[in-house]
Amino acid sequence: MTSSDVVRSGLADYFRMIQAELHKLVEPISTDQLWRKPYSYGNSIGNLILHLTGNLNYYIGTQIAGTGYVRHRDLEFTDGGKLKDALLGEFDSAIEIALSTITQQTDADWAKPYSAEREPESEGRFTAILRCAGHAYHHVGQIVYLQRELLKQQ
């Protein structure tokens with residue numbers, strides 16, 4: 001197994017873990033609860049999922065895979081009301097794009113220059129994908145606390 005195989009496998013496993021964790025957290029809450037903000041500050045779980053979907057679709061999908069996705073970041077924090085299954089379906093599609101892109105990277109691809117809006121110039125693809133993984137898990141951590149509060153309010 002090459003180091004590139006280890007990187008591809010590790011990143012793919014990490015994104016699958018994030019996907020499974022998010023599904024587990026969202027399963028016991030209703031569509032209405034998805035869009036409720038249990039605190040006067042911050043976001044709803046639904047808005048965080050929209051944000052993660054946009055992040056993956058843009059930073060990995062558009063910038064590496066060339067999907068053509070156009071991101072509307074501000075709407076990720078203001079849109080609401082989408083049904084839970086539709087929201088999760090879009091998130092799952094973004095995860096699949098990330099996984100597909102990861103598995104297609106060659107040894108040379110990992111170090112290719114990378115630039116994107118809101119990202120430092122000249123980062124390699126590996127660093128960009130790693131940042132997306134860390135960013136996603138950060139928001140999953142926030143969703144843990146939002147879910148607990150929402151379930152307490154039932």
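Derivation of every value follows stated rules applied to the coordinates shown; laboratory data play no part. Please read these numbers as outputs of a predicted model, since none were measured by experiment. Cβ coordinates were reconstructed from backbone atoms using ideal geometry, including for glycine residues, and neighbour counts include every protein chain displayed.
Worth a mention:
- Amide H contacts of Glu123 (H built 1.01 Å from N, under 5 Å, at least 5 apart or other chain): Tyr114
- Rounded, prolate or oblate (a/c below 1.5 giving rounded, otherwise prolate when a/b exceeds b/c) for the range 87-154 by Cα gyration tensor: prolate
- HN-Hα J in Hz across the range 9-24 - Karplus 6.51, -1.76, 1.60, θ = phi - 60°, x for Gly and Pro: 5, x, 5, 4, 4, 5, 5, 5, 5, 4, 4, 5, 5, 4, 4, 4
- For the chain, lysine pairs separated by 8 or more sequence positions, or belonging to different chains, with Cα-Cα distances below 21 Å total 8.
- Only one item in (1) 11, 40, 32, 14, 3, 0; (2) 11, 32, 28, 16, 9, 4, 0; (3) 11, 41, 38, 10, 0 matches P(r) over Cα pairs in 10 Å bins from 0, in percent derived from the coordinates shown, and that item is (1).
- The chain: calculated mean residue ellipticity at 222 nm from DSSP helix runs of at least 4, using -39500 (n - 2.57): -20500 deg cm²/dmol
- Taking every alpha-carbon pair under 8 Å whose residues sit at least 6 apart, the range 68-154 reaches a relative contact order of 13 percent.
- Ranked by the mean number of other Cβ atoms within 10 Å of their residues, highest first, the peptides 74-82, 16-24 fall in the order 16-24, 74-82.
- Fully extending the segment from Thr78 to Val144 would add 21.7 nm, taking 0.36 nm per residue of separation and subtracting the current Cα-Cα distance.
- Amide H contacts under 5 Å for Asp79: none, restricted to partners 5 or more places along the chain or on a different chain, H placed in the peptide plane at 1.01 Å from N.
- Each Cα pair under 8 Å and six or more residues apart adds its sequence gap; the mean of these over the residue count of the range 1-146 is a relative contact order of 32 percent.
- Cβ-Cβ FRET estimate between Asp85 and Lys24, R0 fixed at 25 Å, reported to 0.05: 0.95
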